[in-house]
1. Within segment 180-189, is there a residue that is under 27 Å from THR311 (Cβ atoms), surrounded by 14 or more Cβ atoms within 10 Å (Cβ to Cβ), among the hydroxyl-bearing types (Ser, Thr, Tyr) and modelled with pLDDT under 90?
2. So for segment 154-161 (the condition being small (Gly, Ala, Ser) and within 14 Å of the chain's Cα centre (by Cα)), does at least one residue qualify?
3. Does THR188 satisfy the condition of being outside any helix (DSSP H, G or I) and more than 30 Å from GLN57 (Cβ to Cβ)?
4. For segment 201-226, which positions are at pLDDT 90 or above and out of contact with any strand residue (DSSP E or B) (no Cβ under 7 Å at 6 or more places or on another chain)?
5. So the check is Cβ under 7 Å with 6+ separation or different chains; which pairs have a first residue in segment 16-30 that's touching a residue at least 12 places away in the same chain (Cβ under 8 Å) and a second one that's crowded, with 18+ Cβ neighbours inside 10 Å and polar (S, T, N, Q)?
6. Does VAL173 fit the bill of being under 22 Å from LEU106 (Cβ atoms) and not small (Gly, Ala, Ser)?
7. Name the strands (runs of 3 or more DSSP E) wholly within segment 1-71 that hold at least 1 residues that are at pLDDT below 75 and either farther than 22 Å from SER137 by Cβ or under 31 Å from the mean Cα position of the chain (by Cα) (or both)?
8. If I filter segment 106-124 down to residues being within 22 Å of the chain's Cα centre (by Cα) and buried (at least 17 other Cβ atoms within 10 Å of the Cβ), which single residue comes out as farthest from GLU225 (Cα to Cα)?
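The values are calculated or read from the model by the stated rules, or taken from the named source; none is laboratory data. Please read all numbers here as calculations on a predicted model, not as lab measurements. Note that we place each Cβ from the backbone using ideal geometry, even for glycine, and neighbour counts take in every protein chain shown.
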Amino acid sequence: MGIFDFLSGEFIDVIHWSDDTRDTMVWRFEREDHEIKYGAKLTVRESQAAVFVHEGQLADTFMPGLYMLETNNMPIMTTLQHWDHGFQSPFKSEVYFISTRRFTDLKWGTKNPIIIRDPEFGPTRVRAFGTYAVRVSDPGKFLVEIVGTDGEFTMDEISYQIRNIIVQAFSRVVATAGIPVLDMAANTQDLGRILAEGISGTLASYGLELPELYIENISLPPAVEKALDERTSRGMVGSLEDHLRYKAADALGQQNGAAGSAMGMGLGAGMGMQMGGMMAGPWGPRPAEPLAPPPPPPVENVWHVADGGKTLGPYSKADLGRLAGEKKLARESWVWTQGQDGWQHANDIDELAQLFTVSPPPPPQG
C-alpha cells in the first residue's frame, strides 16, 4: 500500500445516520478530527436532511438521496473553499443530520385557569389540554435559531417552549372567539384549527410547523361545574306539588312498613292534595315555586395513568391502591383526573400519596 493510499484511507468517505431513538431531532456526525474526503458518499434517508456547517457558516443542505461530495453538487461549499478550478482536496466540515419526520403525541395544557367573559355565566375560568405533533420544515433555520452547536438535540429540549406558545395563543383565541362555554365542546375542532393558524408564524421563525393540534377537553372550575349540576337537577324535579306528594307518600310508606305501604301512599297523596290546596289559597292555584333539590352525592375521582407514552385507565382509587401494592404504580408515576391542572406525580397528590405510606413500626414489647 502506497503512502497516498494510506492517507486517503484516513479520511471519512461514508457519511450517514441511522436513528434508533424516538425523540432525537438533530444529530451531529462525529468525525473524531478526521477530514471528509473529496468525493465521499453522503446518504440522506427519507425523513432526514443533512446540513453542512463550514468554519461556522451554514454551507449546503441536502434532502433525501445519495450524493457524491464534489464541486458540481456543492455550490456554496465550493465558494467557501475557493475551489474555483475543481481542486480535489479533503475538507473539514460539521455535518448535522436533522429528522424531518412528525413527532407525535406531544401534550400541552393550561397551567393556570384562563379568565373569559361568557355571555351566559359572565366572567368565568376555563382550563384546557390536548395533544399536538411537530415537524422540522426548514432544517437550516432550525439549526441556526434553535439547535446551535448542540451535538444531539432532542424533542424534550423544545417541547416546553412550544407548550408555552400554544397556551398563550389559546388564551387569546378562546377570549376573542365569543363562543359560549357550553358550546365549546362542540367547537373544539374549529378552535384547534384557529389555534394552529395563530401560532404557525411563530413556529415558522424557528423552522418548525404544527401539522396536527387537538383540543381534547375544555373544563370549568369545580365550583362552576357543581352549580351547573344543581341547575340541571332543579330542572328535572318538576312541579312543587307533585314533588311534595311523592315525598310524603314515600315517607309514610317507609314508616308503616311493607304492610302499610298502600295506606301510606293513600294518606300521603291526601296530605299532598291538602298541602296543594293550602298553597293555592282563596284566589285559586298559583304557580308552584321550584324546590331546591339536595346536593348530589360526592363523585369519586377516576384517574388516568401515563405509561410509556400511552394513557391507561380510567382507574378508581381502589384500583390505584391495588396497582401500588403490585408495584405497577410508583410515586413518580404520572396521573391525571378531571379538573386537574395537567399531569402530576402520584406522590404530589394528597389523595394518592397515602397509597405509598410505609408500613407501621413493630408494636412495643410487653
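1. Of all residues in segment 180-189, those under 27 Å from THR311 (Cβ atoms) come to 181-189.
Still in the list and also surrounded by 14 or more Cβ atoms within 10 Å (Cβ to Cβ): 181, 184, 187-188.
From what is left, the residues that are among the hydroxyl-bearing types (Ser, Thr, Tyr) are 188.
Retained after the next criterion (residues that are modelled with pLDDT under 90): 188.
Yes, segment 180-189 contains at least one residue that is under 27 Å from THR311 (Cβ atoms), surrounded by 14 or more Cβ atoms within 10 Å (Cβ to Cβ), among the hydroxyl-bearing types (Ser, Thr, Tyr) and modelled with pLDDT under 90.
2. Restricting attention to segment 154-161, the residues satisfying the condition of being small (Gly, Ala, Ser) are 159.
Keeping just the survivors that are within 14 Å of the chain's Cα centre (by Cα) gives 159.
Yes, that holds for at least one residue.
3. Details: outside any helix (DSSP H, G or I): no; more than 30 Å from GLN57 (Cβ to Cβ): yes.
It is false that THR188 is outside any helix (DSSP H, G or I) and more than 30 Å from GLN57 (Cβ to Cβ).
4. If the condition is that a residue be at pLDDT 90 or above and out of contact with any strand residue (DSSP E or B) (no Cβ under 7 Å at 6 or more places or on another chain), then GLY201, THR202, ALA204, SER205, TYR206 are the ones that fit.
5. TRP17/GLN48; ASP19/SER99; THR24/SER99; MET25/SER99
6. Details: under 22 Å from LEU106 (Cβ atoms): yes; not small (Gly, Ala, Ser): yes.
It is true that VAL173 is under 22 Å from LEU106 (Cβ atoms) and not small (Gly, Ala, Ser).
7. Working: elements: 12-15, 24-28, 36-44, 48-54, 57-62, 65-68.
In segment 1-71, the matching strands (runs of 3 or more DSSP E) lie at 12-15, 36-44.
8. Applying the first criterion (within 22 Å of the chain's Cα centre (by Cα)) to segment 106-124 yields 106-116.
Okay, now just the ones that are also buried (at least 17 other Cβ atoms within 10 Å of the Cβ), so 106-110, 114, 116.
Values: LEU106: 28, LYS107: 24, TRP108: 23, GLY109: 19, THR110: 18, ILE114: 16, ILE116: 16 Å.
Checking each candidate, the answer is LEU106.
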